[in-house]
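**Student:** Can you keep this structure in mind? I'll have questions shortly.
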Amino acid sequence: MGDMILLGAPGAGKGTQGVNLAKLYGTPQISTGDILRENVRNKTPLGAKAKGFMDRGALVTDEIVVDMVIDRIAKPDCQSGFMLDGFPRNLAQAAALEEMLTKMNRSIDHVIGIEVANKELIRRLTGRRVCRKCSASYHTIFNPPQNIGRCDKCGEEIYQRDDDKEETIAERLKVYESETHPLISYYTEKGLYRAIDGIGGVDSITDAITGAIDKASDNS
Ligand code: AMP
């Protein structure tokens, strides 16, 4: 499967699909949002720098996330491939990614764009709950956990992310539109972008993604 990017608005299902794809392909899922939240939770200097941006739904500075990704991709488990979830988020980050990969003699093989309309994104994000420990994702109505407030997978507490409050969601969707959406044209021009309809069952969307990757790999 190689080196891959999962692109899509907040709530499109990047995290959920990433879990399935990581299992199928055996490549690590690298979520910059998860790494940042872990830093905030552990009160690290990096977390302190990032928190204000995250709480108001803005992007944290490129330097912070780029350095984070450079460190993470250099780890041995990424040697035969990785899956980026939530990075790059703007054109400057995409350029930085290209530069770091070139230095490592590698390049992006696939960019999967999970496409979901705004109204559905808002519905998903307002009801989203996540596990504090393993980041498994639930929804109060569409996908509640078996025991209220507890993760089905690891038993830890599930909670509502601070940035999943309604005012912040609107800001994040705005930031996605202005900063991240331009990456679709950027990767389309490079012949790497594969659009996937993000509405439907989790497993059927995973099938659509693996189908698109197989098809692109056959053609290359
Ligand atoms: P996510 O979990 O991907 O929705 O990310 C949560 C928050 O973390 C975002 O709203 C940003 O504040 C921050 N963040 C995550 N990834 C990035 C990135 N690549 N660039 C800048 N900020 C990011």
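**Student:** Would you check if there is a residue in the range 31-46 being touching a residue at least 24 places away in the same chain (Cβ under 8 Å), more than 24 Å from Q79 (Cβ to Cβ), more than 8 Å from the ligand (Cβ to nearest atom) and buried (at least 18 other Cβ atoms within 10 Å of the Cβ)?
**Tutor:** no
This table checks each residue for (1) buried (at least 17 other Cβ atoms within 10 Å of the Cβ); (2) under 26 Å from Y25 (Cα atoms).
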| residue | (1), (2) |
| --- | --- |
| D162 | no, no |
| T168 | yes, no |
| S185 | no, no |
| G191 | no, yes |
| S204 | no, yes |
| S217 | no, yes |
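**Student:** If I ask for residues that are outside any helix (DSSP H, G or I) and closer than 25 Å to E171 by Cα, which ones from the range 2-53 would you list?
**Tutor:** I5, L6, L7, G8, A9, P10, G11, A12, G13, I30, S31, K43, listed by residue number.
**Student:** Is it true that some residue in the range 98-115 is more than 9 Å from the ligand (Cβ to nearest atom), under 18 Å from the mean Cα position of the chain (by Cα), over 20 Å from G2 (Cβ atoms) and surrounded by 14 or more Cβ atoms within 10 Å (Cβ to Cβ)?
**Tutor:** Within the range 98-115 (the criterion being more than 9 Å from the ligand (Cβ to nearest atom), under 18 Å from the mean Cα position of the chain (by Cα), over 20 Å from G2 (Cβ atoms) and surrounded by 14 or more Cβ atoms within 10 Å (Cβ to Cβ)), the answer is yes, since at least one residue qualifies.
**Student:** Sticking with this one: Tell me, which residue of the range 64-95 that is outside any loop (DSSP other than H, G, I, E, B), free of Cβ contacts under 8 Å to residues at least 40 places away in the same chain and more than 10 Å from the ligand (Cβ to nearest atom) is nearest to G26 (Cα to Cα)?
**Tutor:** Among those that are outside any loop (DSSP other than H, G, I, E, B), free of Cβ contacts under 8 Å to residues at least 40 places away in the same chain and more than 10 Å from the ligand (Cβ to nearest atom), it is P76.
**Student:** Looking at T16, is it of a type in the set (S, T, Y), surrounded by fewer than 24 Cβ atoms within 10 Å (Cβ to Cβ) and without any contact (Cβ under 8 Å) to a residue 60 or more places away in the chain?
**Tutor:** no
Laboratory data are not the source of any read-out in this text; all were calculated from the coordinates shown. Note that the coordinates shown come from a computational prediction; the quantities given were computed from them, not determined experimentally. Quick reminder, even Gly has a Cβ in these numbers, built from the backbone with ideal geometry, and neighbours come from all protein chains shown.
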